[in-house]
1. Going by the conditions given, is GLU116 in a strand (DSSP E or B), of a type in the set (D, E, K, R) and within 20 Å of ASN63 (Cβ to Cβ)?
2. Of all residues in region 122-155, which are among the aliphatic types (A, V, I, L, M) and surrounded by 13 or more Cβ atoms within 10 Å (Cβ to Cβ)?
3. Being of a type outside the set (A, V, I, L, M, F, W, C) and in contact (Cβ under 8 Å) with a residue 60 or more places away in the chain is the filter here; which residues of region 117-142 pass it?
4. List, please: which pairs have Cβ atoms under 6 Å, are six or more places apart or on different chains, and start with a residue in region 53-75 that is closer than 10 Å to GLY41 by Cα and modelled with pLDDT under 95 and end with one that is part of a strand (DSSP E or B) and among the polar types (S, T, N, Q)?
5. Condition check: touching a Leu at 6+ places or on another chain (Cβ under 9 Å), β-branched (Val, Ile, Thr) and assigned to a strand (DSSP E or B). Does VAL164 satisfy that?
6. Return yes when PHE111 is under 22 Å from LYS155 (Cβ atoms) and surrounded by 15 or more Cβ atoms within 10 Å (Cβ to Cβ) and no when it is not.
7. Starting from residues that are in a loop (DSSP other than H, G, I, E, B) and among the β-branched types (Val, Ile, Thr), keep the ones in region 119-161 and report whichever is nearest to GLN61 (Cα to Cα).
Amino acid sequence: MKKTIQFTCVLLLCLFAGIHTAEAQLPTTHAIGARFGSATGVTYRYSLNQTNAVEGILSVQSNSKYSRFRLVGLYEYHMPIANDFSWFWGFGGSVGSYSGKAYTDDKGNRFDKYSELALSVDGIAGVEYKIPSAPIALSLDIKPYFDFLQSSGFKIFDTFGFSVRYTF
């Protein structure tokens with residue numbers, strides 16, 4: 001597990017290091033902010049050119065039975081709708097950890113704490129509004145994903161998100 005996480009981190013660093021020379025033609029090259037939803041976290045987007053960008057999301061999701069930490073990498077296509085509105089879609093993947101918390105259910109069954117690697121293939125689709133008089137962008141998206149390890153299933157209903165980003 002440790003080697004998988006190290007390999008993924010090195011791969012992401014190489015990706016971001018290799019794109020620093022690309023010239024972005026979107027209104028801004030960088031956007032950093034917060035993503036809210038079932039998984040809350042920090043988001044950073046780097047514009048590669050007029051229509052393409054890469055985005056990284058560091059998210060945490062937790063309830064009474066489990067907690068999840070994920071690092072998501074996405075490649076996105078952005079298309080204008082009108083003036084300061086655009087829509088986007090993309091794909092990527094994530095790596096992280098999935099931890100079950102120790103608890104006792106209603107029937108008195110005891111469940112012990114455990115932790116395992118989390119891997120998924122992710123998609124994203126949404127709309128974004130760039131506030132013209134401020135360096136702020138607001139987006140609403142859906143980010144479905146397919147988990148490989150835990151329940152090995154497609155998740156779509158708990159993946160809605162709202163992001164607020166500072167653009168520069």
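1. yes
2. ILE124, ALA125, VAL127, ILE136, ALA137, LEU138, LEU140, ILE142
3. Correct list: LYS130, PRO135.
4. Qualifying pairs under 6 Å: PHE69/SER97; ARG70/SER59; ARG70/SER94.
5. For VAL164, the condition - touching a Leu at 6+ places or on another chain (Cβ under 9 Å), β-branched (Val, Ile, Thr) and assigned to a strand (DSSP E or B) - is met.
6. No: the conditions fail for PHE111.
7. Looking at residues that are in a loop (DSSP other than H, G, I, E, B) and among the β-branched types (Val, Ile, Thr), I get THR159.
Listed here are the residues, each with its yes/no results for (1) under 20 Å from ARG45 (Cα atoms); (2) more than 18 Å from the chain's Cα centre (by Cα).
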site: TYR98; (1), (2): no, no
site: ALA102; (1), (2): no, yes
site: ASP105; (1), (2): no, yes
site: ASP147; (1), (2): no, no
site: LYS155; (1), (2): no, no
site: ARG165; (1), (2): yes, no
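The values are calculated or read from the model by the stated rules, or taken from the named source; none is laboratory data. It should be emphasised that the depicted structure is a prediction, and the values quoted were computed from it without experimental measurement. Cβ atoms come from the backbone with ideal geometry, glycine included; neighbour counts cover every protein chain shown.
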